[in-house]
Amino acid sequence: MNNRLVAFLVGIVIGAGILYFFLPGPPTHLSANAPSQTANGQTGDKKAAPSAAAAATLDLVRSRGYLQCGVSQGLPGFSNPNDKGEWSGIDVDFCKAVAAAVFGDPAKVKYRPLSAKDRFTALQSGEIDLLSRNTTWTMSRDTSLGFDFAGVIYYDGQGFMVKKDSGITSAAQLNGATICTQTGTTTELNMADYFRSQGMSYKALSFEKNEESLSAYDGGRCDAYTTDASGLYAQKLILKNPQDHLVLPEVISKEPLGPLVRQGDPQWADIVRWTLFALINAEDLGITRTNVDQMKTSTNPSIRRMLGTEGAFGEALGLKASWAADAIAAVGNYAEIYNRNVGPDTPLGIPRGLNASWKNGGLMYAPPIR
């Protein structure tokens, strides 16, 4: 082969390499997240078959053998330990429900008590898999902190508690008052908005831990104590003389409380979200902790889909067909959870109110399993 031919061939190779380098890559709309084509020519969303990255949290939880669930440091009715270290409450029951959906065993969960200040860092850093800790769903938390809220497990609103002997019977009488509250919560901003809108002044006395805030109020350092109304009923029970305190009638904010997970893992978000929806739908369908096995023989299509005797809805989540049945068997439907922890027959005695089923004039409503 003569030198001219060699030089010619080398030039072709180099030119092709340069041309390849400058050619544009595949269109961005044909990324890994684009619809794929199935064997029958239909397009399908790849989310139906989660990638390894999408299934990261579920795989991690399964390999560890238990769910890491962030809860409060102690709020009766929501997440509170007894003297044996056993946790109970609405938020705790939800952790158990998710563990049951994943493992078929509600005991496979460990609770991480977190302050309001530390709760988001713990979720962001991966110290916990799920935050189920009386946390208000707000736009900033949903869009700027890297979280996804699964839904609303309790509709609440901020209120105030005062000593009966103060003579205060309305929040309108709190002008110039010193208010005890906890840092790192929406209560500080709500309180500022309320007093500003009413043209009143106040002094906030804030503490990192809720027990410090409550202790300061009980010790007379504040004229009032503020948090979510559910929290006021709960905290009132642990004061020295509960009967000496009054929860004022005004509710100054909307506080939709719900569990949340890290963004970027749609499969895990779906598991947590649909576990909550299953508990709410179970109340609508009359499925309870005691009759769940019997209901598996029902001819009602909605019940059959929920309990895994029809369809492949568990498979869509990466779970067993019995995922919802296992969750309900572990903690009951939403009504059972509510009544057991904060309902009229508990020391808190909180009426269902907004947390009643939509069939009974409340806001509890969930999309169907279909």
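The values are calculated or read from the model by the stated rules, or taken from the named source; none is laboratory data. Computed from a prediction, not measured in an experiment: that's the story for all the values here. Note: ideal-geometry Cβ built from the backbone for every residue, glycine included; neighbour counts use all protein chains shown. We work out accessible area using only protein heavy atoms, side chains counted, and drop any ligands, DNA or RNA first. Shrake-Rupley method; radii C 1.70, N 1.55, O 1.52, S 1.80 Å.
Quick look at the values:
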read-out: Phi-based couplings in Hz for the range 244-254 (Karplus 6.51, -1.76, 1.60; Gly and Pro marked x); value: 8, 10, 10, 8, 5, x, 6, 10, 9, 7, 9
read-out: Heavy-atom accessible area per residue - the chain, 1.4 Å, Å²; value: 49 Å²
read-out: Cα-based reach from LYS240 at 20 Å (exclusive), listing lysines while leaving out same-chain residues under 8 positions away; value: LYS163, LYS164, LYS209
read-out: Hz values of 3J(HN,Hα) by residue in the range 333-343 - Karplus curve (6.51, -1.76, 1.60), Gly and Pro given as x; value: 7, 4, 4, 5, 4, 4, 5, 5, 9, 9, x
read-out: Volume per residue of the C-alpha convex hull in the range 197-240, rounded to whole Å³; value: 90 Å³
read-out: Modelled FRET efficiency - R0 25 Å, LYS84 with SER125, Cβ distances, 0.05 increments; value: 0.30
read-out: Difference of contour (0.36 nm per residue) and Cα-Cα distance, LEU354 to ASP59; value: 102.6 nm
read-out: Rg/Rg_ref, the range 54-207, where Rg_ref = 2.2 N^0.38 Å and atoms are Cα; value: 1.24
read-out: FRET efficiency for ALA321 and MET139, using Cβ-Cβ distance with R0 set to 45 Å, rounded to 0.05; value: 0.75
read-out: Signed unit charges on C-beta, dipole axis of the chain, positive-most listed residue ASN82, ALA316, ALA107; value: ALA316
read-out: Reference-scaled alpha-carbon Rg (2.2 N^0.38 Å with N residues) for the range 213-370; value: 1.29
read-out: Gain in span if fully extended, LYS203 to ASN241, counting 0.36 nm per residue against the direct Cα distance; value: 11.2 nm
read-out: √(5λ) per eigenvalue of the Cα gyration tensor, the chain, largest first, Å; value: 48, 29, 18
read-out: Qualifying GluC sites (Glu not before Pro) for the range 192-259 [loop in DSSP, other Cβ within 10 Å: at most 14]; value: GLU208
read-out: Helical contribution to [θ] at 222 nm, DSSP H n ≥ 4, -39,500 (n - 2.57), averaged over the chain, rounded to 500; value: -10500 deg cm²/dmol
read-out: Pairwise label distance in nanometres, GLN263 with GLU212, each label 7 Å out on the Cα-Cβ vector; value: 3.1 nm
read-out: Peptide ranges 113-125, 257-269, 66-78, 229-241 listed from the most packed, as the mean C-beta count within 10 angstrom indicates; value: 66-78, 257-269, 229-241, 113-125
read-out: Under 20 Å from the Cα of LYS96 - lysines, other chains or at least 8 residues apart; value: LYS84, LYS108, LYS110, LYS320
read-out: Value of D in µm² per second that Stokes-Einstein yields for the range 142-277, Kirkwood Rh from Cα pairs, at 25 °C (0.890 mPa s); value: 152 µm²/s
read-out: Binned Cα-Cα distance frequencies in the range 276-348 - 5 Å width, integer %; value: 3, 18, 27, 23, 14, 7, 4, 3, 0
